[in-house]
Amino acid sequence: MERRGAAFRKLAKGLLRVVSLKVNFSLFHRPSRYINGELNSTRRKAPLRVALAFPDVYEIGMSHLGLKILYSIINAIPYASAERVFSPWTDLEDYLRKSGTLLASLESRTPLKEFDIVGFSLQYELCYTTVLNMLHLGGIPLRSEERLDGKPGPLVIAGGPCTLNPHPMAAFIDAFLVGDGEDAVKELIAVYQEWKKEGTGSRISLLESLRKIEGIFVPALGKDHEVRRRIIPSLEDAPFPVAPVVPFTGIVHDRINIEIARGCSMGCRFCQAGMAYRPVRERSPGKILELAEASLKHTGYEDISFTSLSSGDYSCLSLLLQKFNRRFSGSRVAISLPSLRVASINSDVLKEIRSVRKTGFTIAPEAGTERLRAVINKDFREDTYLRALETLFREGWHNLKLYFMTGLPTETEEDISAIPEMVLQAIRISKRLRGRHLNLSVGVSPFIPKPHTPFQWFGQNDIAGLKEKDDYLKRAFLRRGVKYKGHNEEMSLLEAALARGNAGLSGLIEEAWASGCRLDAWTELFDFDKWKRAMEKTGIDARDFAVREYGPDSRLPWDNVSTGVEKAYLRKEYRKALSAAFTKDCKRQCHSCGLKCGPGSPAAESETAAAKSPALSAGTAGRALQGVSVKLRMRFAKTGRTRYLSHLELTTALIRAMRRAEFPLKYSSGFHPSPRVSFGPALSVGVGGLKEYLDFEIFPPFDAASALANLNATLPEGLRADRITALYGREKSLNSFIVRYTYEIRSEKGLSLSEKFTGKEEMIVMRKDAPIDLRRMIEETEKMDDRTFRITVRDIGDIKVRLDEVLSGLFDGPPEDLEVTRTAMFGWQGDWVEPLEGEKVWTAKS
């Protein structure tokens, strides 16, 4: 281990620089992951600096509500600041390593090693090697013991569901926060600030102080010391970020997510979250609507998701949806709910969801037979399932996802063969009721035994058995033309092993990372052969931890962590599973699990508050716009960091800004209404634009001058609108009208025309086996100085200019050395004119 530590220190010495905006991010896949400057991002100086590190790429991490909550809480503390760090994709990682550049935060480009605290969110066991990779790229020693007294490095902490068994990662993390973080993180930061102010305390003294906080586990002070999960008593007054960072790039959950309840009372025996997030705590409809209104105002999103482990069981769901639609339907905000229990599907809920836009629908039956559903405590019968499908299809849905599990305890061949039959029932009912094809997809995942559940004592099926079941289902669904998505069995094996492992697994995790494992949740990067070589090298077989079965009285590696649900209750549920006996919803009957959820508890009080919440009156957003729409054209600039936005990202950013500025936009009709906005010719990623255009339709009254001011007040840095003009129906579309373009090309290394251009009368490129002469497209080249050229190009008939071809023909050297800005665009009206030449033009104030 000392040899590896020395090797790390030698490598880390070379990682000195920080990636900056001078890097041409267009060289990397999805450069908008790395540019920062998103709306609502915060950059502030504070004595105590925290890096919120998410061990996955940007679009996964930015979808996580917990990160947004912590970002908001920490940045509200006067003496603290929070910045975000995500794992780079492999292309940027290669650049960091080759250039000797440290992984740094988005907000201030500060290397990880220079923060006071680095906090990782452990959402998924397959992120563990990525945690090590980010520590290494950030210049931080991997092991906690290397960061003790007299040695460099920030305090490295971790939270999230994986901390329910912290031991596999205990060698690398200084302190774990188990449970709800809203209050605990403030206490943790206060302790650190006091320790930092004193300036004389040792790192061990800091850890000893942290251990006194409820929910904090410090491995260095004893791996068996008891820690009890931190629980916030109520969601009603819990912090919630109503002005979250709005990403430029599309993320996995690209919408507002409001947690309407935390915890679940249904008691599914395989579900770690359902057991470990008890008790149920609900937000009232009034509070949810208040958060929704503020969130929509600060983001411009068109979609909102009401999330919880069991949204269909929220006590006031129908009331909430009715109130929301009454208030916001005129703003065209669509509602979605996560996967619903079969028994919670009803017409009232579906009518409210579809009132603006039908979103996709997901049902998770989990098991194919009533016997196996009784084993896992998924309480619904076949007739309930059939009624739910009929209700869904009668309400107009024809997009459906179904999720199942294989390898569940006591599973038989009959249980597996029943899964295709359940899917076939959905197809039959859809055909009978709607007479049309059902867009159906099916996902199947292997069962993974998780700590702190009644199934924690069961082992996972071996890989061969899981693959056999997957192959059977794949063939069955292929015959019926159903989209099928299985799950990599090796990934599932590792997930089970890392979930159920002990501290001895740290050596395997580190060796797998050293062998090149990172971003293991991505199928295109996952390499089980590397893990197998790591197992051979360390002598640690992950399969032993995955398939191992424990007796109900066995000492388990994670027994020092208490979720509040007593082990005796889990044993009782384990035995009921073996006899296929149901346990009722604990809202209806208390089963004495160890947590107090009865009358007078926060859960019960929250539900009462929800039921009594007064209705909010419908505001102007709830009134549907009517009358004749007006067409307008707007000019805007795309500069600075926003030059790295793709055309889709640019359009999304501008439309959301128009919604924030309360433009009364007209929407299309149909299944998926969208604002009537159309853009001019697209800019390539990395190319700026000084005079870009979009057309849009609005309903009067509309004060264009005020609208411009409001829009610019909410646009992110790098985007600015400067003019609006009215259109009168005679104008061509922007893409039809614009055929001529002027660009400014600059290179810090100096710039001159290539002999490919100056020495030849033709510049031929091939497009689909057809020759194109680029010289006919190049009207003018003007040298501004030794580093800058201005060029004018135009389309020839239906043949459009392609900038990359022109630049390759005009200049030698790699295109990444060029800084390109489109300065103007023209169309022909007896002369070359710009698209903004209306009778009335409103101009933004400087």
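What are the ³J(HN,Hα) couplings of the stretch 435-452, residue after residue, when phi is run through the Karplus curve with 6.51, -1.76, 1.60 and θ = phi - 60°? Round to Hz, x for glycine and proline.
Here the 3J(HN,Hα) series is x, 9, 5, 8, 7, 10, 10, 10, x, 10, 10, x, 5, 10, x, 10, x, 6 Hz.
Which of the lysines could be linked to K567 by a straight reach, that is with a Cα gap under 23 Å, when you skip same-chain ones fewer than 8 residues away?
K223, K378, K450, K576, K584, K587, K596
Once label points are set 7 Å from the Cα along Cα→Cβ at both E145 and R428, what is their separation, rounded to one decimal in nm?
It is 6.3 nm.
Please report Rg (one decimal) and Dmax (integer) in Å for the Cα set of the stretch 170-278.
Taking only Cα atoms of the stretch 170-278, I get Rg and Dmax of 17.4, 51 Å.
For D527 and K483, compute 0.36 nm times the residue count separating them, minus their Cα-Cα distance, and round to one decimal in nm.
Going from the current span to full extension adds 13.3 nm.
Calculated FRET efficiency, L648 and N40, Cβ-Cβ r, R0 25 Å, to nearest 0.05?
That pair, L648 with N40, gives E of 0.75.
What is the distance, in nm, between label points placed 7 Å from the Cα along the Cα-to-Cβ direction at H672 and at E413?
Placing both labels 7 Å along Cα→Cβ, they lie 4.3 nm apart.
Considering amide H positions built from the backbone, and no H for Pro or chain starts, which residues 5 or more places from D56, or on another chain, come under 5 Å of its amide H?
For D56, the qualifying residues are S87.
So between S234 and A581, what do we pick up on full extension, going 0.36 nm a residue minus the alpha carbon distance?
121.7 nm
Could you provide, to the nearest whole Å², the per residue accessible area of the chain with probe 1.4 Å?
Roughly 42 Å² per residue, with all protein chains present.
Looking only at the chain, where both bridge partners belong to it, what percent of the DSSP beta bridges are antiparallel (to the nearest 5)?
Restricted to the chain, the bridges split so that about 55 percent are antiparallel.
Determine Rg/Rh for the chain; Rg is computed over alpha-carbon atoms and Rh is the Kirkwood hydrodynamic estimate from the same atoms.
0.98
Under 14 Å from the Cα of K401, which aspartates and glutamates turn up, not counting those fewer than eight places away in the same chain?
Hits, sequence-local ones excluded: E366.
I'd like the carbon and sulfur percentage of the solvent accessible area for the chain, probe radius 1.4 Å, heavy atoms only, ligands and nucleic acids excluded.
Heavy-atom surface of the chain belonging to carbon and sulfur, 1.4 Å probe: 49 percent.
When the Kirkwood hydrodynamic radius is evaluated over all pairs of different C-alpha atoms of the stretch 666-757, what value in angstrom, to one decimal, is obtained?
Answer for the stretch 666-757: a Kirkwood hydrodynamic radius of 16.8 Å.
How many Lys pairs in the stretch 643-771 lie less than 27 angstrom apart by Cα atoms, where the lysines are 8 or more positions apart or on different chains?
Close lysine pairs under the 27 Å cut-off: 7.
In the chain, which cysteines lack any other cysteine Cβ under 4.7 Å from their own?
C127, C162, C264, C316, C517, C586, C590, C593, C597
What is the total of Lys pairs in the stretch 18-117 with C-alpha atoms under 20 Å apart, excluding same-chain pairs fewer than 8 positions apart?
The result is 4.
Roughly speaking, what is the stretch gain from R571 to R555, that is 0.36 nm per residue apart minus the C-alpha to C-alpha distance, in nm to one decimal?
Between R571 and R555, full extension yields an extra 4.5 nm.
Whole-Hz ³J(HN,Hα) for each residue in the stretch 68-73, computed from phi via Karplus 6.51 cos²θ - 1.76 cosθ + 1.60 with θ = phi - 60°, x for glycine and proline: what do you get?
5, 5, 5, 4, 5, 5
Leaving out same-chain residues fewer than 8 places away, which aspartates and glutamates sit with a Cα under 18 Å from that of K572?
Within the straight-line limit of under 18 Å, K572 reaches these aspartates and glutamates: D379, E549, D553, D559, D585.
Considering Cα pairs under 8 angstrom that are at least six residues apart, work out the relative contact order of the chain and quote it in whole percent.
12
Can you give the angle from 0 to 90° between the axis of helix 2-14 and the longest principal axis of the chain, with both taken from C-alpha atoms, to the nearest 10?
20
For C586, C593, give me the order by solvent-accessible area with a 1.4 Å probe, most accessible first, ignoring ligands, DNA and RNA.
In descending accessible area the options line up as C586, C593.
With θ set to phi - 60°, apply the Karplus curve 6.51 cos²θ - 1.76 cosθ + 1.60 along the stretch 391-401 and write out the HN-Hα couplings as whole Hz, x wherever there is a Gly or Pro.
Couplings: 4, 4, 6, 5, 7, x, 7, 9, 10, 9, 10 Hz.
The values are calculated or read from the model by the stated rules, or taken from the named source; none is laboratory data. As the structure is a computational prediction, the values presented were derived from the model and not from experiment. For neighbour counting, all protein chains shown are included, and Cβ atoms are generated from backbone atoms with ideal geometry for every residue, glycine included. The area values use the complete protein model at the heavy-atom level, side chains included, leaving out ligands, DNA and RNA. Shrake-Rupley method; radii C 1.70, N 1.55, O 1.52, S 1.80 Å.
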